[in-house]
1. Hey, rough spin-label estimate for residue 122 and residue 87, points 7 angstrom out along Cα→Cβ, what's it come to in nanometres?
2. Going 7 Å from the Cα of residue 75 toward and past its Cβ, which residues in region 186-225 have a backbone nitrogen under 14 Å from where you end up?
3. Along the three principal axes, how long is the chain when you take its alpha carbons, biggest first, rounded to the nearest angstrom?
4. Sorted from largest down, give the three principal axis spans of the alpha carbons of region 121-244, whole angstrom values.
5. Go through 226-238, 207-219, 182-194 and give me the packing order, highest mean Cβ count within 10 Å leading.
6. Can you give the calculated 222 nm mean residue ellipticity of the chain, where each DSSP H run of n ≥ 4 adds -39,500 (n - 2.57) and the sum is split over every residue, rounded to the nearest 500 deg cm²/dmol?
7. Spin-label point model (7 Å from Cα, Cβ direction): what's the residue 146 to residue 229 distance in nm?
8. Extension gain residue 164-residue 112, at 0.36 nm per residue separation less the Cα-Cα distance, in nm?
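Coordinate-derived values only; no laboratory data. The shown structure was predicted, so the numbers you read here are calculated from the model rather than taken from an experiment. Cβ sites come from the backbone with ideal geometry, for glycine too, and all protein chains shown count toward neighbours.
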Ligand SMILES: C[S@@+](CC[C@H](N)C(=O)[O-])C[C@H]1O[C@@H](n2cnc3c(N)ncnc32)[C@H](O)[C@@H]1O
């Protein structure tokens with residue numbers, strides 16, 4: 001691939017703060033952004049809910065203070081709009097609690113929403129006086145609604161996706177890993193082999209690993225050094241299909 005990525009190499013991931021690193025990416029070079037940004041909740045207090053024993057969950061998850069979340073969201077989304085190619089698309093995962101900031105950020109960064117997808121998963125925490133949350137929002141947005149990639153794999157591609165979370169029983173993991181199946185589905189619909197896929201908030205690197213597996217190029221950032229190392233370990237154990 002001949003693309004010039006400025007300060008960065010193609011098919012590489014970098015440790016550090018996405019807000020500081022993203023300005024080093026040239027304009028319009030990314031075909032697809034898939035990202036699950038940090039939340040603005042007291043995640044550590046909820047950690048036991050995500051893994052009963054907690055023993056294999058890697059410490060250090062970086063959340064954003066609630067008061068800063070709106071500004072943080074606008075900052076990274078403005079950069080996302082800049083680095084995306086004119087026909088590029090983005091998928092942003094969000095829980096319901098900060099959805100308002102995510103939707104506002106997308107609008108104010110000039111994106112057009114194509115679909116508001118719901119990901120229904122099988123997992124829920126025990127609740128006493130409210131419903132169990134078992135869904136996520138995924139915003140599918142583009143820069144130009146007249147021109148973007150959409151490979152219509154299914155005849156009726158529905159906007160509710162029922163996909164189980166993966167349990168990595170007894171294995172090292174980060175607390176918020178997305179299922180590989182969901183990333184593969186997004187890559188198949190909204191990118192082609194050889195495209196460049198970017199995730200500014202890699203966590204365990206599921207987006208980069210999926211891109212590599214499916215013959216796409218990748219770039220990504222992660223602020224927690226241990227997660228970055230873990231993502232790199234996963235990537236080095238991943239084989240890629242031939243890329244154009
Ligand atoms: C929800 S997780 C991503 C999970 C990922 N999709 C996966 O499957 O493992 C968000 C990640 O963003 C990281 N993060 C938080 N603030 C960041 C920043 N400013 N720059 C880069 N990464 C950041 C967190 O440490 C966390 O690993």
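1. Spacing of the two 7 Å Cα→Cβ label points: 3.9 nm.
2. 223
3. Its Cα atoms span 52, 39, 35 Å along the three principal axes.
4. Projected onto its principal axes, the Cα set of region 121-244 covers 51, 37, 23 Å.
5. Averaged packing, sorted descending, gives the order 207-219, 182-194, 226-238.
6. Rounded to the nearest 500, it is -8000 deg cm²/dmol.
7. 5.1 nm
8. Working: separation 52, 0.36 × 52 = 18.72 nm, distance 2.85 nm.
Stretched out fully, the residue 164 to residue 112 stretch lengthens by 15.9 nm.
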